[in-house]
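The values are calculated or read from the model by the stated rules, or taken from the named source; none is laboratory data. None of these values were measured; they are calculated from a predicted model. Counting neighbours? That spans all protein chains shown, and the Cβs are built from the backbone with ideal geometry, glycine included.
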Amino acid sequence: MNLILFGPPAAGKGTQAKRLVEERGFIQLSTGDMLRAARASGSELGNKVADIMDNGQLVTDEIVIALIAEQLELNPNAAGFIFDGFPRTVPQAEALDKLLADKGQKIDKVVRLVVDDTALLARVTKRFEDQGRADDNPETFSKRLDAYNAQTAPLLPYYATRGIITEVDGMADIASVAASIDTALA
Ligand code: AMP
């Protein structure tokens, strides 16, 4: 089972992905986490993406596709992958289809977490206070939301035509969202 958790930044994708990892043994592939790790390690890649991330823009397709390709290769016997924050553009989605097809696999489900912008801003303000992630400051967050609306939301028709999207009310509490996702995956 390969699953995409789809939704705007701060919709709760990471929280739900981590639970699915614990409960089902899936492997979470979060390109945001990978890029933050690259930055923390001071690698060449990390330095290359720092400014783009701090500006709330998307890094190049080439970079994130390579990160995902590497992880798919490193985990040949995974029970399933949860893609969190990837794909974010149509070329990324096409590349992911190809990478999975090479393994005889596909995306089985897309769970879309629906959260309105006001709630997102409230959440991210709290996360900024708690975790101090630079790109969670309100100004940068609004750029991340713009990038989502302009570049990522247009991906929905790409999956909708396959009939694999389930919409979940991401405004509900964490346990209710979890229950809705479990129903979607049953
Ligand atoms: P996230 O934690 O998923 O919100 O990602 C944090 C930042 O990393 C984003 O604002 C982008 O700058 C970058 N990023 C993460 N995933 C991707 C992706 N799939 N495509 C392009 N940029 C990404």
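Worth a mention:
- Within the range 51-94, the set of residues being assigned to a helix (DSSP H, G or I), among the aliphatic types (A, V, I, L, M) and farther than 25 Å from Ala160 by Cα comprises Ile52, Met53, Ile63, Ala66, Leu67, Leu74.
- All positions within the range 116-141 that are in a helix (DSSP H, G or I), touching a helix residue (DSSP H, G or I) at 6+ places or on another chain (Cβ under 8 Å) and not charged (D, E, K, R): Leu120, Leu121, Val124, Thr125, Phe128, Ala134, Pro138, Thr140, Phe141
- Selected residue (only one of Leu3, Leu58, Leu99 is more than 13 Å from the ligand (Cβ to nearest atom), of a type outside the set (Val, Ile, Thr) and in contact with a Lys or Arg (Cβ under 7 Å, 6 or more places away or on another chain)): Leu3
- Set side by side, the residues Thr15, Thr31 differ, and just one is buried (at least 21 other Cβ atoms within 10 Å of the Cβ), within 14 Å of the ligand (Cβ to nearest atom) and not small (Gly, Ala, Ser), which is Thr31.
- The residue pairs whose first member lies in the range 12-35 and is under 17 Å from Ala179 (Cα atoms) and charged (D, E, K, R), whose second member is away from the ligand (no atom under 16 Å from the Cβ) and not in a helix (DSSP H, G or I), and whose beta carbons are closer than 9 Å, counting only pairs six or more residues apart or on different chains, are Arg24/Met1; Arg24/Ala79; Arg24/Gly80.
- Scanning the range 62-83 for residues that are among the small types (Gly, Ala, Ser) and either in contact with a strand residue (DSSP E or B) (Cβ under 9 Å, 6 or more places away or on another chain) or within 12 Å of Leu3 (Cβ to Cβ) (or both) gives Ala78, Ala79, Gly80.
- Gly80 vs. criteria closer than 23 Å to Asn137 by Cα and more than 16 Å from the ligand (Cβ to nearest atom): no
- Single match in Glu167, Glu129 (criterion: within 28 Å of Asp54 (Cα to Cα) and not basic (Lys, Arg)): Glu129
- When the criteria are applied in full, Phe128 meets the requirement of being surrounded by 14 or more Cβ atoms within 10 Å (Cβ to Cβ), closer than 16 Å to Ala10 by Cβ, more than 9 Å from the ligand (Cβ to nearest atom) and not hydroxyl-bearing (Ser, Thr, Tyr).
- Matching residues, the range 132-173, being within 11 Å of the ligand (Cβ to nearest atom) and either modelled with pLDDT under 90 or loosely packed, with under 12 Cβ neighbours inside 10 Å (or both): Arg133, Ala134
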